[in-house]
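Please read the structure below before turning to the comments.
The numbers here are math on the coordinates, done by the rules we state, and not lab data. Just so it is clear, the structure is predicted and the values come from calculations on it, not from any experiment. Cβ: placed from backbone, ideal geometry, glycine included. Neighbour counts: every protein chain shown.
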Amino acid sequence: MNRRDCIKYMTLGGASIIATAKTATAAAPQLKFRELYAPKMTFSSQAKKLDGRKIQMKGYIAPPLKADIHFFVISRLPLFECPFCDEEAEWPDNIVVVYTKQPIPTDVVPVNITGRLELGTKTDPKTGFVSRVRLVDARY
């Protein structure tokens, strides 16, 4: 528990804060980047189990692909260049596309995101961008 949590705990009645935090965590399990794929870029059993469910992920916001897109990409590590610029490169195993109704962040910063996990290849109809993993209806 950090200083801010202690203040909330004292201000809002302690037990209810802890119960709320446990409920939120239980409602949306966390999935780590390393848990997305099994060998040969197939989806892991853990990812398949969570497909279609609300989950939490932590990652770094990647530089925007275009100024007018309606999604952004998170990665396991900070990216400072586009991961799709080399046509010969294999699909990166450390990115997730995030669709949100919130404003699209533009800084390369770490974020905690909650959204519904979607697995499988999908092409965005507006941009033609192809993704294998998405968080939809996401909040950060």
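Please go through the residue pairs LYS40/LYS101; LYS101/LYS126; LYS49/LYS126; LYS48/LYS126; LYS32/LYS122 and name each one whose alpha carbons sit more than 25 Å apart in this structure.
LYS40/LYS101; LYS49/LYS126; LYS48/LYS126
How charged is the neighbourhood of PRO110? Take every other residue with its Cβ under 11 Å from the Cβ of PRO110, and add Lys/Arg as +1 and Asp/Glu as -1.
Summing Lys/Arg as +1 and Asp/Glu as -1 gives +1.
Show me, for region 131-139, the HN-Hα J-couplings you get by feeding each phi into the Karplus relation (A = 6.51, B = -1.76, C = 1.60, θ = phi - 60°), rounded to Hz, glycine and proline as x.
In residue order, the calculated couplings are 10, 10, 9, 9, 10, 10, 6, 7, 9 Hz.
Please work out how much length the chain gains when fully extended from SER44 to THR123, using 0.36 nm per residue of separation minus the C-alpha to C-alpha distance, in nm with one decimal.
Extra length available between SER44 and THR123 comes to 26.3 nm.
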